[in-house]
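Student: Have a look at this one before I ask anything.
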2 protein chains.
Amino acid sequence: MHGEFDLIRRYFDTISGDHPSVQLGIGDDCALLSPSSHFELAISVDTLVEGVHFLPDIHPENLAWRLIASSVSDLAAMGASPKWLTLACTLNDPSKEWLAAFSKGLTEACHNYSLILIGGDTTSGQQQVFTAQVHGEVPVGKALKRSGAQAGDAIVVSGTLGDSRAGLALLTAEREGESEYLQERYYRPTARLALGEALRELANAAVDISDGLLADLGHILTASGVGADVHVEALPLSAAIKELAPESAERWALSGGEDFELCFTLPQDRVFELQQISERLALPLTVVGEITQQQGIALLKSGEPMALPASLGFNHFGNEHE
Amino acid sequence: MHGEFDLIRRYFDTISGDHPSVQLGIGDDCALLSPSSHFELAISVDTLVEGVHFLPDIHPENLAWRLIASSVSDLAAMGASPKWLTLACTLNDPSKEWLAAFSKGLTEACHNYSLILIGGDTTSGQQQVFTAQVHGEVPVGKALKRSGAQAGDAIVVSGTLGDSRAGLALLTAEREGESEYLQERYYRPTARLALGEALRELANAAVDISDGLLADLGHILTASGVGADVHVEALPLSAAIKELAPESAERWALSGGEDFELCFTLPQDRVFELQQISERLALPLTVVGEITQQQGIALLKSGEPMALPASLGFNHFGNEHE
């Protein structure tokens, strides 16, 4: 670890505190951790690049929240519990105010997700680049993988879909309107950790929705060697998205990214168990389709096949082909 | 982990192979690892930024070697053994040839250091940025920390110092001459893993020399609350540096960075044990000073105090004030 990290360390001391799992935190050549017995270590790395993954004028508090939430979401998708964070920041001569605000957002997000900052590196560059690595733990053999979906499984999604994409449309003035709810869903998505943990004994396969439902469900299908029927009427849509963009809501729910909800599959005869989880977590869980033996995704509307949207591509500023 | 990682995965398949410690490698939301019992996990993160830490025209094979060696060196300084690597690459529209050469260097370096690539993220940006995180293991309680130096300890360095800085002087035409040896010491430094492992039962404190001997020894002194006498005649210099730059060799040995040798302290009555380690590893180990109770570093030449070089600062292109 480099001395430059002192810069950011000064601001982050409150989130790199003592914890029995951390033998040595920031300030030596390495951090030293004590992993728990009978657990596997789940690791995910995510990079956000200025102008590619976030708008240059994003508020640094919101940037920190998005960075942490999107990283932790990968742990949720594995059924893992967050433990430790490292953060590599390439900064372009940041002001003290910027650093203080970024630090505030980071501190809040780390507290929220029970993450301890154990190290990182801070460097200078022309373009801001942030790489967060999150480390979580999951009991041996209990991780939720993409590869376990079985023909006949129900396909379920949490929350409502497309809201982050709609929030982005407001922020970029692609749509006119106001909705604090939708903007918050873009800036401060919620990683579904409690749901991931609840699904360890229930789901056959899971993924988080970072690139859009169709793309991420596609990852499950590819890894499991199966296909899917998806019922577009069943897609859970928020009141806010239906009010803002009724003509786009369905498409955004299918291919808008960065909702960071979970998409998972489970046997039909266990779908009834979702009700209790949904109530306990106060989180909608909606069956949106079934896993099939036939490869690929079939979209169905009123039981009839429907063409896939012209492009399901998604980039982080939402400029899919329309 | 994002789909963009497929780009680099295609090239790196050979280093992300099966290993009993890896339950799940690249291709799911997280990698899943099985840490060993009775070991602590040592983690270090290093970022290299184009134009800051490496010249834009560096050969991609050399870039990969430097990235891995400099990261693994932090494990060596803790006495840890390398296990797993994650790699976040921000690339600027790389050619297939660039990717293939970078992959070749990365594959070789990972084989050399017994590292398994378990995941990462690949993104696009205007400036190349590479963040490597290495994960190693060290028996519980045996890690070499910066904080254990005791007044009276001998201060020892491995190898020869300043060679990487001299190699850089050749590459930037700051000095005229030719020395494949010095250039290799810049491009492909050797992380001193076997030495770090041998020191677990011997050294009181250790650090790797990434920012220059004085700066890195300073980290030990600060962490341990002690000072040091350093004998400049004792500094180990290669024949190549003495031939290339006799007037600069001493200064480069004190403040040139990126040699990635180890600097460590041990009780005087155990210095005799170094002989056998040095022979077994075919690596010079040189006593260059002693730990003192008085804070700060005193440079001594022929037993007389000597002024510290005007600036001990080091940046990665070697532009210290001269």
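Taken together, the values in this text are just the output of simple stated rules run on the coordinates, not laboratory data. Quantities reported herein were computed from a predicted structural model and do not represent experimental measurements. Cβ placement follows ideal geometry from the backbone for every residue including glycine, while neighbour counts extend to all protein chains displayed.
Student: Straight-line reach from A:LYS104: which lysines fall under 25 Å, measuring Cα to Cα and dropping same-chain residues less than 8 apart?
Tutor: A:LYS83, A:LYS96
Student: What do the square roots of 5 times the Cα gyration tensor eigenvalues come to for the stretch A:59-126, in whole Å, largest first, as semi-axes of the equivalent ellipsoid?
Tutor: 23, 13, 10
Student: Okay, moving on. Restricting things to alpha carbons, find the Rg to Rh ratio for the stretch A:114-157 using the Kirkwood radius for Rh.
Tutor: With Rg and the Kirkwood Rh in hand, the quotient comes to 1.18.
Student: Summing -39500 (n - 2.57) over the DSSP H runs of n ≥ 4 in chain A and dividing by its residue number, what mean residue ellipticity at 222 nm do you reach, to the nearest 500 deg cm²/dmol?
Tutor: -9000 deg cm²/dmol
Student: Same structure, new question: Take the stretch A:153-228, drop everything but the C-alpha atoms, weight them equally and run the Debye formula without solvent; then report log10 I(q)/I(0) at 0.17, 0.26, 0.28 Å⁻¹ to two decimals.
Tutor: Ignoring solvent entirely, the Cα scatterers give -0.76, -1.22, -1.32.
Student: Report the semi-axes of the equivalent ellipsoid for the stretch B:87-177 in whole Å, largest first, where each axis is √(5λ) for an eigenvalue λ of the Cα gyration tensor.
Tutor: Each semi-axis is the square root of five times an eigenvalue, giving 32, 24, 13 Å.
Student: A further question follows. For A:LYS142, go 7 angstrom from Cα along the Cα-to-Cβ vector, then report the distances to that same point in the other copies in nm, smallest first.
Tutor: Ordered by increasing distance: 3.1 nm.
Student: With everything on Cα atoms, drop me the angle between helix B:60-78 and the longest principal axis of chain B, reported from 0 to 90° to the nearest 10.
Tutor: 60
Student: At a Förster radius of 35 Å, what calculated FRET efficiency corresponds to the Cβ-Cβ distance of A:SER302 and A:LYS142, to the nearest 0.05?
Tutor: Taking R0 as 35 Å, the efficiency between A:SER302 and A:LYS142 is 0.35.
Student: For a protection proxy built on the mean count of beta-carbon atoms within 10 angstrom, sort B:100-111, A:163-174 highest first, please.
Tutor: In descending order of packing, they fall as A:163-174, B:100-111.
Student: Okay, moving on. Compute the acute angle (0 to 90°) between the alpha-carbon long axis of helix A:213-224 and the principal axis of greatest extent of the alpha-carbon atoms of chain A; round to the nearest 10°.
Tutor: Helix A:213-224 sits at roughly 90 degrees to that axis.
Student: Relative contact order (percent) for chain B, with alpha-carbon contacts under 8 angstrom and 6 or more residues of separation?
Tutor: Computed over chain B, the figure is 22 percent.
Student: Quick check on the exposure proxy: order B:GLU250, B:GLU233 from fewest to most C-beta atoms within 10 angstrom.
Tutor: Final ranking by Cβ density, sparse to dense: B:GLU233, B:GLU250.
Student: Now for a different question. Which ordering of B:PHE264, A:PHE130 is given by a fewest-first count of other beta-carbon atoms within 10 Å?
Tutor: With the sparsest Cβ surroundings first, the list reads A:PHE130, B:PHE264.
Student: Shielding of B:128-134 by partners, i.e. mean partner chain Cβ atoms within 10 Å per residue?
Tutor: Shielding by partners across B:128-134 averages 6.
Student: Based solely on C-alpha atoms, express the radius of gyration and the Dmax of the stretch A:146-303 in angstrom.
Tutor: 15.1, 45
Student: While we're looking at this one, here's another question. Quote the charge dipole size of the stretch B:5-139 about the Cα centre in Debye, to the nearest 20; the model charges only the Cβ of Lys and Arg (+1) and of Asp and Glu (-1).
Tutor: Taking the Cα centre of the stretch B:5-139 as origin, the dipole is about 160 debye.
Student: Then there's this: For the stretch A:5-139, what is the convex hull volume of its Cα atoms per residue in Å³?
Tutor: It comes to 96 Å³ per residue, whole-number rounded.
Student: Could you give, in nm with one decimal, how far B:GLY225 is from each other copy of that position, shortest first, with labels 7 Å out from Cα toward Cβ?
Tutor: So the label point of B:GLY225 gives 6.3 nm to the other copies.
Student: Arrange the following residues from fewest to most other Cβ atoms within 10 Å of their Cβ: A:ILE116, A:ILE209.
Tutor: A:ILE116, A:ILE209
Student: May I pose another question? Bin width 10 Å, alpha-carbon pairs only: give the P(r) of the stretch B:240-288 as whole percents, running from 0 to the bin holding the largest distance.
Tutor: Computed distribution, short to long bins: 20, 42, 31, 7.
Student: On a C-alpha basis, how far is the centre of the stretch A:125-159 from the centre of the stretch B:143-179 in Å? Whole number, if you could?
Tutor: 42
Student: So what does the Cα-only Debye profile of chain B read at q = 0.06, 0.08, 0.13 Å⁻¹, as log10 I(q)/I(0), no solvent term?
Tutor: -0.21, -0.38, -0.97
Student: Now for a separate question. With each pseudo-label sitting 7 Å past Cα toward Cβ, what's the B:THR222-B:ALA173 distance in nm, one decimal?
Tutor: Between B:THR222 and B:ALA173, the simple spin-label model gives 3.7 nm.
Student: Label-to-label distances across copies for A:HIS59, with labels 7 Å out along Cα→Cβ, in nm, shortest first?
Tutor: Spacings between copies for this position, smallest first, are 5.1 nm.
Student: Straight-line reach from A:LYS142: which aspartates and glutamates have Cα under 12 Å away, leaving out those fewer than 8 places along the same chain?
Tutor: Partners within reach: A:GLU40, A:GLU197, A:GLU201.
Student: On a 0 to 90° scale, report how tilted helix B:96-112 is relative to the longest principal axis of chain B, with both axes built from alpha carbons and the result rounded to the nearest 10.
Tutor: Value to nearest ten degrees: 60.
Student: Could you tell me what percent of the DSSP beta bridges with both partners in the protein assembly as shown are antiparallel, to the nearest 5?
Tutor: 75
Student: In addition: With Kirkwood's inverse mean 1/r over C-alpha pairs for Rh, give me the Rg to Rh ratio of the protein assembly as shown, two decimals please.
Tutor: We get a ratio of 1.02 for the protein assembly as shown.
Student: Show which lysines lie in cross-link reach of B:LYS242 when reach means a straight Cα distance below 21 angstrom and same-chain residues fewer than eight apart are skipped.
Tutor: Those lysines meeting the cut-off are B:LYS301.
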